[in-house]
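Visitor: Here you go, one structure.
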Amino acid sequence: MRETVTLTGMVLVSSPVKEYDKRIEILTRERGRIPAFAQGARKQSSALCACTVPFTFGSFQVYEGRNAYSVKSGEIENYFGNLADDYDSLCYASYFTEVARYLTRENIRADAELLLLYITFKALQAGLVPLKLIRRIFELRIMSQQGEGPGLFSCIRCGNTDAYDVYMSEGGLICQDCAKKMPGLKQCYPLKLSHDARYTLQYIISSQPQKLYSFNVSGQVMAEIDKFMSIYIARYMPHHFNSSDFLS
Ligand SMILES: [Zn+2]
């Protein structure tokens, strides 16, 4: 008998294999993003049918094979099925899973990434925070988790906390005194943040996970955050996510 392991995770993608099987990828807390086969999962009568649908969160009992896992059973905690009822929410959910897929690896624990994905889906479900803001919160937070976040708490050269000018090529804030000593900075994608936008970005990087989706911002701050994130992502995560074409 092969041994099974139980992993907590969320199904990111699912594709058909052979006549009745599925190949899925699960972002697991314990082993990062893993590929797994689910035999017979496309049959309506199969116990694996429901737990191998994208966005399903729960615990999965899997066999460990040489190249891939195979799913023995799954216990659904939240299947986020109603996200599919709203086209925009579905597009955003697909985008978040695509980003998570891109940034996670097999055999590297993904506690923070999985938790972020879960609470982000909860926020999508609740519908209290605008989708555009959820997107920017998710992106900034997951990039920070990967060590790719911007330095936004103080000047990255001298530590002066009175800094609002971001130079993207430098990866964060640089105060005016330091900027004067760096003549080449003008080409480094400069952007000035307002106090409120800077505070909001700091909050997204540092807040408790449970409080990430507990606020809204003015149209002005949203526009600033949008601009900041699109430039920052273009520079530090220059990858085309297919699902981003469908975001409203
Ligand atoms: Zn400085």
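Visitor: Quick check: net charge around residue 40, other residues with Cβ under 15 Å of its Cβ, Lys/Arg +1 and Asp/Glu -1? Each step should come with its number before you reach the end.
Guide: Values: positive: 18, 22, 23, 42, 43, 72; negative: 19, 21.
Local net charge: +4.
Visitor: In deg cm²/dmol, rounded to 500, what helix-only [θ] at 222 nm does the chain give when every DSSP H run of at least 4 residues adds -39500 (n - 2.57) and the total is split over its residues?
Guide: The per-residue figure over the chain is -11000 deg cm²/dmol.
Visitor: Going by how many other beta carbons lie within 10 Å of each one, how would you line up 129, 5, fewest first? Before the final figure, lay out each step's value.
Guide: Details: 129 18, 5 14.
Ranked by crowding around the Cβ, least crowded first: 5, 129.
Visitor: Taking the Cβ of each residue in 99, 221, 17 as the centre, tally the other Cβ atoms inside 10 Å and list the residues starting with the fewest.
Guide: Starting with the residue having the fewest Cβ neighbours, the order is 17, 221, 99.
Visitor: Working from Cα positions, state the angle (0 to 90°, nearest 10) between the long axis of helix 195-206 and the longest principal axis of the chain.
Guide: 40 degrees
Visitor: In debye, nearest 20, what is the charge dipole magnitude of the chain about its Cα centre with +1 on Lys and Arg Cβ and -1 on Asp and Glu Cβ, if you could check? Write out the running numbers ahead of the final one.
Guide: Values: 28 positive and 25 negative charges, 83 e Å.
Roughly 400 debye, rounded to the nearest 20.
Visitor: Quote the Stokes-Einstein diffusion coefficient, in whole µm² s⁻¹, for the stretch 154-248, based on the Kirkwood radius over alpha carbon pairs, a temperature of 10 °C and a viscosity of 1.306 mPa s.
Guide: 108 µm²/s
Visitor: Additional query: For the stretch 90-178, what size does the Cα cloud have along each of its three principal axes, sorted from largest down, in whole Å?
Guide: Principal-axis extents of the stretch 90-178 (Cα, largest first): 46, 35, 18 Å.
Visitor: Also, I was wondering about something else. Using Cα atoms only, what is the angle between the long axis of helix 219-236 and the major principal axis of the chain, expressed in degrees (0 to 90) to the nearest 10?
Guide: Rounded to the nearest ten degrees, it is 70.
Visitor: For the chain, set up a GNM with springs between Cα atoms under 10 Å and report which of 238, 35, 150 has the largest fluctuation.
Guide: Most flexible of the set in this elastic network: 238.
Visitor: Sort 142, 26 so the one with the fewest other Cβ atoms within 10 Å of its own Cβ comes first.
Guide: Working: 142 23, 26 29.
Result, fewest neighbours first: 142, 26.
Visitor: Compute the orientation-averaged projected area for the stretch 4-79 from the convex hull of its Cα atoms and round it to one decimal in nm². Could you put the intermediate results ahead of the total?
Guide: Numbers: hull surface 17.3 nm².
That works out to 4.3 nm².
Visitor: If you don't mind, another one. With θ set to phi - 60°, apply the Karplus curve 6.51 cos²θ - 1.76 cosθ + 1.60 along the stretch 162-172 and write out the HN-Hα couplings as whole Hz, x wherever there is a Gly or Pro.
Guide: Ordered by residue, 3J(HN,Hα) equals 9, 10, 10, 8, 9, 10, 4, 5, 8, x, x Hz.
Visitor: Right, here's the next one. How big is the stretch 206-248 on each of its three principal axes, counting only the C-alpha atoms and giving the largest first in Å?
Guide: 29, 24, 21 Å, listed from the longest principal axis down.
Visitor: Quick one: helix 131-145 against the long Cα principal axis of the chain, what's the angle to the nearest 10°, folded into 0 to 90?
Guide: Helix 131-145 sits roughly 90 degrees off the main axis of the chain.
Visitor: In nm², what is the average projected area of the convex hull enclosing the Cα atoms of the chain?
Guide: One quarter of the hull surface, i.e. the mean projection, equals 15.1 nm².
Visitor: What are the GluC sites (Glu not before Pro) within the stretch 18-102 that DSSP puts in a loop, where the Cβ has at most 15 other Cβ atoms within 10 Å? Walk me through the intermediate numbers first.
Guide: Values: sites: 19, 25, 30, 64, 75, 77, 98; in loops: 19, 30.
Sites meeting the loop and neighbour criteria: 19, 30.
We did not get these values from a lab; they are worked out from the coordinates using the rules stated. What you see is a predicted model; the values in this text were computed from it and never measured. Every residue, glycine as well, gets a Cβ built from its backbone with ideal geometry; the counts of neighbours run over all protein chains shown.
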